Structures are given as structure tokens and as C-alpha cells.
Amino acid sequence: MRLRHKPWAKDKLAAHPEWVLTQATEKKGLWKQVFGNDHPLHIEVGMGKGQFVMGMAKRYPEINFVGIEVQESVIVMGLEKLLEDPLPNVRLIHTNGEDLDSLFEENEVDQVYLNFSDPWPKKKHAKRRLTHENFLRRYERVLKADGQLQLKTDNRGLFEYSLVSFSHYGALLDEVSLDLHELNDPDNVQTEYEERFSQMGHPIYRARLHFKRED
Ligand code: SAH
């Protein structure tokens, strides 16, 4: 997602630590305290403007959601939505998904979402893909034993790459859909990109997987 640089975004983010956590690494292992309850914790890496996390948070008030986004000018749009429509079960973090280890304790997270992640089509950029094994290692570490990773994308190249990456990593696929919207899943909350690309006629792919074998 590319948006025009917003010179005011930095100050606006800093002015609202109640929504966009400034010392987020201090919350590692303490997310129950942040939300004041022991509800499950779901995170989205690359949340964009936040339509998905906020839609999910409204639908599931008994789940806590943390949206992570690396671009200042994008996450600030999420902040503006929260200022207009406050949701007690949402927090945002302005950082790179590479930092998951310093934000969440092992087994602290119940679900990780990746929605319409940047495909980085050039092979030399493969390490930047959010489904590269370096990222899978981070998700596995923070996820609970029965936690799931869910990927949605319209990008066939990224989807094909991701399935191979999951397989090489030894992850276990729970579901693969090559046309999510055909399923008419009433639980599917659409992201901004999902709305845009499905209107353009692109099929939406979805994979769900987990990392740990039940013994
Ligand atoms: N999830 C949203 C946005 C998709 S665009 C939707 O589905 O509508 C992908 C977003 O991921 C962009 O906003 C980009 O800035 C963000 N992103 C890419 N790499 C990231 C990383 N390593 N850490 C955090 N955010 C990242």
C-alpha cells in the first residue's frame, strides 16, 4: 500500500499512545494487562488502514486485536478510524513484523493474520515476503500450540510461493481455498484490498495452517 507521505502523521501517532502503543516492547508477555482481560489475542501483520482488524474487533468483542503496520502514513489512517469509532479490544503498533519476538512472549498469541501482503515478486526480495521462513519462525514462536496462521491474497505468485514455504517449513495446512468468495463464508471479514481486488474480478485465495503437531 502506497500513500502520499503525510508529514503530520508522526506527531499524530505520538499524540495517541492509548491506541498506537509507543513503548510496545514493554508489553511483551503483558498483553492481558494492556487489555485488562484474558481474552484471546489475534494479530495482523501489515494491517494497512485497519479495516480488517477493526471489522473483526466489532464482530468479536471477546477477542483482543493488535494491528501491526510499518508505514506511518498508512497506520495513521487506522488511528483516525479508532478516534472516530473507539474499540476497546484494538491496539496498533507502528513497527516492522520482524520485531514480533520483542513484542510478544512465546505462546502469547492465538492467531496471526496476513492479508494481501506485499508479494515482492523479485527473487532477490524473497526474504521480505511475510511468508518467508524467517517470518514463519517468528509466528511459530509467538503462537500457542493450537494457534493458527491465516493468509489471504489475490496474488497467485505469492500464494504459490507461500504454500511451498509452509510445506518446507513443516507447517500443517488446515485449509486451502482458491476462491474464497465462492464459499460465501459468513465469517469472512473483508479487508480493503480484498474488496478492491474482488471487485476487479480477482479470485481471493486463503490458506489456514498451524505449526505444532498434536502428540
Ligand atoms: N492488510 C491490508 C493491507 C494490505 S497492503 C489489506 O488487506 O487491505 C500490505 C501492507 O503491509 C502495507 O500497508 C505494508 O506497509 C505492510 N507491510 C509490508 N511489510 C511489512 C512488515 N514487514 N511489517 C509490517 N507491515 C508490513
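The values are calculated or read from the model by the stated rules, or taken from the named source; none is laboratory data. Just so it is clear, the model here is predicted, and its values are computed rather than measured. Counting neighbours? That spans all protein chains shown, and the Cβs are built from the backbone with ideal geometry, glycine included. Accessible surface areas use protein heavy atoms only, side chains included; no ligands, DNA or RNA. Shrake-Rupley method; radii C 1.70, N 1.55, O 1.52, S 1.80 Å.
When DSSP assigns beta bridges and you keep just the ones with both residues in region 33-210, what percent turn out antiparallel, to the nearest 5? Counting only bridges with both partners in region 33-210, antiparallel ones make up about 35 percent. Under 26 Å of direct C-alpha separation, and excluding same-chain neighbours fewer than eight residues apart, Lys81 reaches these lysines: Lys6, Lys10, Lys12, Lys27, Lys28, Lys32, Lys49, Lys58, Lys152.
Centre-to-centre, using Cα atoms only, region 1-54 and region 103-162 are separated by 18 Å. Contact order for region 109-202, expressed relative to its length and based on alpha carbon pairs under 8 Å spaced 6+ residues apart, stands at 34 percent. Solvent exposure of region 33-210, expressed per residue, is 46 Å² of accessible area, with all protein chains present and a 1.4 angstrom probe. For region 33-210, averaging the sequence separation of C-alpha pairs within contact (under 8 Å, six or more residues apart) and dividing by the residue count gives a relative contact order of 22 percent.
Share of carbon and sulfur in the accessible area of the chain stands at 48%, probe radius 1.4 Å. Partner lysines whose Cα lies under 17 Å from the Cα of Lys212, excluding those fewer than 8 positions away in the same chain, are identified as Lys144. Using the Karplus relation 6.51 cos²θ - 1.76 cosθ + 1.60 with θ = phi - 60°, the per-residue 3J(HN,Hα) values for region 130-142 come to 6, 10, 5, 4, 4, 6, 4, 4, 5, 5, 4, 5, 7 Hz, with x marking Gly and Pro. Helical content of the chain, expressed as a calculated mean residue ellipticity at 222 nm, amounts to -9000 deg cm²/dmol (DSSP H runs of 4 or more residues, -39,500 (n - 2.57) each, divided by residue number, nearest 500). Would region 97-215 count as rounded, prolate or oblate if I go by the C-alpha gyration tensor, calling it rounded below 1.5 in a/c and otherwise prolate when a/b exceeds b/c, oblate otherwise? Since a/c reaches 1.5 and a/b is larger than b/c, the shape of region 97-215 is classed as prolate. Rolling a 1.4 Å probe over the protein chains gives His5 an accessible area of about 130 Å². When only Cα pairs below 8 angstrom with a gap of at least 6 residues are kept, region 161-215 shows a relative contact order of 53 percent.
Per-residue Karplus couplings for region 107-118, computed as 6.51 cos²θ - 1.76 cosθ + 1.60 with θ equal to phi - 60°, are listed in order as 6, 8, 10, 8, 7, 10, 10, 10, 10, 6, 4, 4 Hz, Gly and Pro entered as x. The residue among His5, Trp31, Phe65 whose Cα reaches farthest toward the positive pole of the charge dipole of region 1-105, with charges on the beta-carbon of Lys, Arg, Asp and Glu, is His5. Going by the alpha-carbon gyration tensor, a ≥ b ≥ c the square roots of its eigenvalues, is the chain rounded (a/c under 1.5) or, if a/c is not under 1.5, prolate (a/b greater than b/c) versus oblate? Rounded shape, in that the Cα axes give a/c under 1.5. Note on Arg4 and Lys127: the model spin-label points, each 7 Å out from Cα along the C-beta direction, lie 3.5 nm apart. The HN-Hα couplings worked out from phi for region 193-208 by the Karplus form 6.51 cos²θ - 1.76 cosθ + 1.60 (θ = phi - 60°) are 5, 4, 4, 5, 6, 6, 5, 7, x, 6, x, 9, 9, 9, 10, 10 Hz, whole numbers, x standing for Gly and Pro.
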